[in-house]
Amino acid sequence: MTKFFSIISLMLISLSLFASKKETFFAYRSFWPETAAMRQFAEAGINTYAVMPSNSFNTLGEPYCKFPPFWVWDETYLWGVVDEQFDLVIRQNEKAKFIVMIDVNSPIWLARRLDRRYGMGGDSYNAPSNSLCMKEWRELTEKMIKAYVLHMEERYGERVVSYMIAGGGTSEWYCLSQGRANIQKEQAWEKWLKDKNLPNWEIPTHKQIRSPKYRNLYFDPKTQQHNIEYRRFTEHVISQGVEDLQKIVRDIVGDKKQIGAFCGFIPVSLSGKLDNRMTFSSPTTDFVGSPGGYDNRDLGDGGGANAPIKSIKMRGKHYFQEIDHRTHTYNADLSPYIKIAMGPHFKGAKNQAESNAILKREFSHAIIWQNSLWCFDMWGGIFRTPETMEVVRKSHQLWQKHKNDNLPVKAEIVCIIDPDSCYYRRFIDYTHIKKAVSMVGAPYESIFFDDIEKVDFSKYKMVIFPHSFEITPKKKAILDKYVFKDNKTIITMGGFGITDGNNIDESRIVKLVGFPYVKSKDIKIKQMGNWKSIYNSSISVFNKKNLKKFAKDAGVHMYVNSTLPVYANDKLVSIHTANGGKETIYLPRKVKQVKELYSDKIVAENTDNFEYEFKKPDTAFFELID
């Protein structure tokens, strides 16, 4: 009976999310006024444009846009500068609709004023957790937001479909303060401690915030609790700030327009990105966005989103996937003097075939997940050729057809993301596991630990815990009830469960997974009653080959024999390859027809498996027709 009611509850949650589903978007965006690309997208039937009039400078010290700042002093705005940027789009596409990005970062005059007065925190690009604690920064920024939205509603109201609050580092709410605090943040910290009945701890020094004591890896809650709590506080300041600024917009537009934020990330480090659960759950948030991970986007990689999309959708939000991948025509010249010639912004396709394969991989991922997306042209050139635009046009057509399918991703592998555990480490190496698991030849998804008891966990056959260092008694009970059962394969690593939130004790790892925290080249495997434990003290020993073997042994359905990225729901399957060649595709069920959607060709009939000849490179996108 209990199981029956659990199933009914899950069905009601799903129905309520579908009923409240917000309109999703397929848009174009560029930092620069790329008028030719705007017209190309209009010709492809894409009428939504994201525009960010900016007052600030990027990481390289260059202005974000080609137009001058519009916020020039206290409550002084040059609306003509703003209007020209939106009118420019309308001149290219009279049907234009807008996602209005509000750059809340400090203009140089405000950053200088506040830094001179308080020593630091005036530049919200580098230190939003400090700026958000400053009364003067808040008051001036909130007045700008209100004036901006009122102006946009008066002049472009019928064209505006949503607003997006953009602040912090790279407009994605990164905080580069590395824990440093101005006097206002110190005062906010003291209030935080008082409200939570915690000791009146000093703010950790810059050295302390970078110095975990246990194994030089973990902050020890017994001796470094103030450090862990300060990290939690800093993340909260940013999340609360995003919600407060969104609320200003909500008070003006009500529910008529969607409001979003660019912070849909999986935890990585103390940078405003350890814990986004508050933003994902906020009533002021309709969607969150992020780019695909820069560590998993090259030709042949798994690509896709850098976010726990399922957990975002469970909170009634939609995910905004940024497709900013570097095609062979990407412009890397920011100025006559600055060229992006290294790092992730330089990597990308070398020719048209590689551009096509990478873009099809990203578009098919967004379609299968029913995500919003924008094609981010950055400094221009990404979508320059007719062949690239044909991929965009066809992808938009497919996205329109399938955006309301409401089909869950067909994943039997899940990665558990645990923000609470991330406070115990200086850096979180999730990217290694993400890159490996995306290549096993079967779909996977990521959810928060908090959501284990809220989903139908019975569908997962292999569960990966990349960084669950904190296992409290409550979490242990959840593991016993939903995870450690039903012959599931459970993969853990490093200090899994090394703390219960009060102290560190390595013997907990042995009790939980059957193995000590000892360095070894060998991956340990042990049957733990009705579940299988797979463990190693290092995340680096896990790779696409051994994860594929573990998944196959666990009974996960493999769509291909090779180590290739696969996305799938009940109707659509996408497979990406750098090397091409003949592959046998294994479907979960027999279907009447299989259609490759980019070529519009029927490639198989009345079968549950078929051979397909991939080009080198290629992404094939199949529709399963019953």
Inset, instruction - Any chance you could count how many residues in the range 453-477 are farther than 24 Å from D429 by Cα and either among the polar types (S, T, N, Q) or open to solvent by 20 Å² or more (accessible area, probe 1.4 Å) (or both)? - result: 8
Inset, instruction - Sort through I266, I203, I252 and tell me the only one that's within 25 Å of the chain's Cα centre (by Cα) and surrounded by 15 or more Cβ atoms within 10 Å (Cβ to Cβ). - result: I266
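When the residues of the range 65-78 are narrowed to those that are part of a loop (DSSP other than H, G, I, E, B) and free of Cβ contacts under 8 Å to residues at least 40 places away in the same chain, which ends up surrounded by the most Cβ atoms within 10 Å (Cβ to Cβ)?
Of the range 65-78, the ones part of a loop (DSSP other than H, G, I, E, B) are 65-70, 74-75, 78.
When the remaining residues are screened for being free of Cβ contacts under 8 Å to residues at least 40 places away in the same chain, the result is 65-70, 78.
Working: C65: 21, K66: 12, F67: 17, P68: 13, P69: 20, F70: 23, L78: 15.
Filtering first and then ranking leaves F70.
Taking the range 420-444 as the search range and keeping residues that are β-branched (V, I, T) and crowded, with 21+ Cβ neighbours inside 10 Å, which one is nearest to D553 (Cα to Cα)? Before you say what the answer is, go through the steps one by one.
Filtering the range 420-444 for residues β-branched (V, I, T) gives 428, 431, 433, 437, 440.
So of that shortlist, the ones also crowded, with 21+ Cβ neighbours inside 10 Å come out as 428, 433, 437, 440.
Values: I428: 28, I433: 18, V437: 15, V440: 12 Å.
Among residues in the range 420-444 that are β-branched (V, I, T) and crowded, with 21+ Cβ neighbours inside 10 Å, the one nearest to D553 (Cα to Cα) is V440.
Of the residues E623, E583, E605, which is open to solvent by 50 Å² or more (accessible area, probe 1.4 Å), acidic (D, E) and in a strand (DSSP E or B)?
Values: E623 fails: open to solvent by 50 Å² or more (accessible area, probe 1.4 Å); E583 fails: open to solvent by 50 Å² or more (accessible area, probe 1.4 Å).
Just a single option satisfies the conditions, and that option is E605.
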Inset, instruction - Give the number of residues within the range 30-64 that are surrounded by 20 or more Cβ atoms within 10 Å (Cβ to Cβ) and within 24 Å of M144 (Cβ to Cβ). - result: 9
Inset, instruction - Scan G501, G529 and give me the residue that is out of contact with any Pro (no Cβ under 7 Å at 6 or more places or on another chain), on the phi > 0 side of the Ramachandran plot and open to solvent by 10 Å² or more (accessible area, probe 1.4 Å). - result: G529
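Would you point out which residue out of L217, L245, L198 is free of Cβ contacts under 8 Å to residues at least 60 places away in the same chain and out of contact with any His (no Cβ under 7 Å at 6 or more places or on another chain)? Don't jump to the end; show me each part of the working.
Values: L217 fails: free of Cβ contacts under 8 Å to residues at least 60 places away in the same chain; L245 fails: free of Cβ contacts under 8 Å to residues at least 60 places away in the same chain.
The unique qualifying residue is L198.
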Legend entry - Check on S533, among the hydroxyl-bearing types (S, T, Y), outside any helix (DSSP H, G or I) and more than 23 Å from V440 (Cα to Cα): no
Legend entry - Residue that is open to solvent by 10 Å² or more (accessible area, probe 1.4 Å) and either in a loop (DSSP other than H, G, I, E, B) or small (G, A, S) (or both), where the choices are R393, R384: R384
Legend entry - Lone unmet requirement of (1) out of contact with any His (no Cβ under 9 Å at 6 or more places or on another chain); (2) closer than 13 Å to R326 by Cβ for Q397: (2)
Legend entry - Among the residues listed as N530, N536, N546, N502, the single one being within 20 Å of F427 (Cα to Cα) and in contact (Cβ under 8 Å) with a residue 12 or more places away in the chain: N536
Legend entry - Residue that is in a strand (DSSP E or B) and among the hydrophobic types (A, V, I, L, M, F, W, C), where the choices are I509, I490, I452, I478: I490
Inset, instruction - Note down all Cβ pairs under 6 Å where the first residue falls in the range 567-594 and is closer than 15 Å to A442 by Cβ, the second is among the β-branched types (V, I, T), and they're at least six residues apart or on different chains. - result: Y567/I368; N569/I368; N569/V409; L572/I368; I575/V566; H576/T619; E583/V560
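Please work out if H151 is on the phi < 0 side of the Ramachandran plot and out of contact with any helix residue (DSSP H, G or I) (no Cβ under 7 Å at 6 or more places or on another chain).
Working: on the phi < 0 side of the Ramachandran plot: yes; out of contact with any helix residue (DSSP H, G or I) (no Cβ under 7 Å at 6 or more places or on another chain): no.
Considered against the rule, which asks whether it is on the phi < 0 side of the Ramachandran plot and out of contact with any helix residue (DSSP H, G or I) (no Cβ under 7 Å at 6 or more places or on another chain), H151 comes out as no.
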Inset, instruction - Check the range 358-365 and report whether any residue there is surrounded by 21 or more Cβ atoms within 10 Å (Cβ to Cβ), more than 26 Å from A620 (Cβ to Cβ) and not hydroxyl-bearing (S, T, Y). - result: no
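Quick grid of which residues meet (1) crowded, with 24+ Cβ neighbours inside 10 Å; (2) under 26 Å from E453 (Cα atoms); (3) in contact with a Leu (Cβ under 6 Å, 6 or more places away or on another chain); (4) aliphatic (A, V, I, L, M):
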position	(1), (2), (3), (4)
V237	no, no, yes, yes
F280	yes, yes, no, no
P283	no, yes, no, no
G289	yes, yes, no, no
Y294	no, no, no, no
D301	no, no, no, no
K310	no, yes, no, no
G316	no, yes, yes, no
T329	no, no, no, no
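Enumerate the helices (runs of 4 or more DSSP H) found wholly within the range 79-180, keeping only those where 1 or more residues are farther than 23 Å from P291 by Cβ, open to solvent by 30 Å² or more (accessible area, probe 1.4 Å) and β-branched (V, I, T). Can you show your working first?
On the way: elements: 79-92, 108-118, 128-131, 135-156.
The qualifying helices (runs of 4 or more DSSP H) are 79-92, 108-118.
The values are calculated or read from the model by the stated rules, or taken from the named source; none is laboratory data. These numbers come from a predicted model, not from an experiment. FYI the Cβ positions are ideal-geometry reconstructions off the backbone, even for glycines, and counts take in every protein chain you see. Protein only, heavy atoms only, side chains kept; ligands, DNA and RNA dropped before computing areas. Shrake-Rupley method; radii C 1.70, N 1.55, O 1.52, S 1.80 Å.
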